[in-house]
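Visitor: Please see the structure below; I have some questions.
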Amino acid sequence: MKTNGGFLVSKIKQLGDRIFEKILNTKNVDAFNGAQGRILYVLWQEDGIPIKAISEKVGLAITSLTTMLERMENQGLIRRIQSESDKRKTLLYLTEKAHTLKDEYDEVSEQMSKIYYKGFEEDEVRQFEAYLDRIRKNLEEWQES
């Protein structure tokens, strides 16, 4: 059976990233970009986590993440602090400035959801997200093997 799922997911991600950036610009949100928004989102869920955990959650290699985190620290969005319990780990914390940006991020995220799910019934959204979660799990399992 021929499938186009991988191509479609890549295309959706590309278009979604562009639209997210466009919405940020439209709303005059210049404190962070789309990629930084994903990092902030993770930290809004759980502040003070290791860089490795951020890398896994946002799907970016630590080498790519390092430059981005440096930029975010210079912008006053995050702080990097060495773990007291394990000196080899650096933990990431949101600054007060980053905490104040959550509502703006949530507005953009809500607008993105409306675009993504236009014409979908609630049951379709739940089912679609369950499929996406299964795909994510399959990819994670493959990556770990």
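Since every read-out is calculated from the coordinates, none of them should be taken as a lab result. Not measured: the values here are computed from a predicted model. Cβ placement follows ideal geometry from the backbone for every residue including glycine, while neighbour counts extend to all protein chains displayed.
Visitor: Between Ser64, Val42, Gln82, whose Cα lies farthest towards the positive end of the dipole of region 39-86 when Lys and Arg beta carbons carry +1 and Asp and Glu beta carbons carry -1, centred on the Cα centre?
Guide: Of the options given, the answer is Ser64.
Visitor: Starting from region 36-121, pick out the chymotrypsin sites (Phe, Trp or Tyr not before Pro) whose DSSP state is loop and whose Cβ has at most 13 other Cβ atoms within 10 Å.
Guide: Qualifying residues, ordered by number: Phe120.
Visitor: Show log10 I(q)/I(0) for the chain at q = 0.13, 0.15 Å⁻¹, two decimals, from a solvent-free Debye sum over equal Cα scatterers.
Guide: -0.70, -0.92
Visitor: If R0 is 30 Å, what FRET efficiency do you get for Asp133 and Glu107 from their C-beta distance, rounded to 0.05?
Guide: 0.75
Visitor: Using 0.36 nm per residue, how much length does the chain from Asp86 to Glu56 gain when fully extended, once their Cα-Cα distance is taken away?
Guide: 8.9 nm
Visitor: What residues have an amide H closer than 5 Å to that of Ile78, excluding those fewer than 5 places away on the same chain, when H is modeled at 1.01 Å from N in the peptide plane?
Guide: Close amide H contacts, sequence-distant or interchain: Glu73, Thr95.
Visitor: Could I ask something else about it? Express the Stokes-Einstein translational diffusion coefficient of region 32-102 in µm² s⁻¹, to the nearest whole number, given a Kirkwood radius over alpha-carbon pairs, 37 °C and a viscosity of 0.692 mPa s.
Guide: 275
Visitor: What residues have an amide H closer than 5 Å to that of Ile49, excluding those fewer than 5 places away on the same chain, when H is modeled at 1.01 Å from N in the peptide plane?
Guide: Answer set, sorted by chain and number: Leu92.
Visitor: Explain nothing, just compute: Karplus ³J(HN,Hα) = 6.51 cos²θ - 1.76 cosθ + 1.60, θ = phi - 60°, for every residue of region 32-39 in order, whole Hz, x for Gly and Pro.
Guide: Per residue, the Karplus-derived 3J(HN,Hα) values read 8, 9, x, 5, 5, x, 5, 5 Hz.
Visitor: Using only the alpha carbons of region 52-91, what is the convex hull's orientation-averaged projected area in square nanometres?
Guide: Seen from a random direction, the Cα hull of region 52-91 projects 2.9 nm² on average.
Visitor: How much length is gained on full extension from Val125 to Thr3, taking 0.36 nm per residue of separation minus their Cα-Cα distance? Mind dumping the intermediate values first?
Guide: Working: separation 122, 0.36 × 122 = 43.92 nm, distance 2.14 nm.
41.8 nm is the gain from fully extending Val125 to Thr3.
Visitor: Next question. Mind checking which lysines have their Cα closer than 25 Å to the Cα of Lys27? Skip sequence neighbours fewer than 8 apart in that chain.
Guide: Correct list for Lys27: Lys11, Lys13, Lys97, Lys102, Lys114, Lys118.
Visitor: In addition: Taking 7 Å along the Cα-to-C-beta vector as the label spot, tell me the Glu46-Thr95 distance in nanometres, rounded to one decimal.
Guide: 2.5
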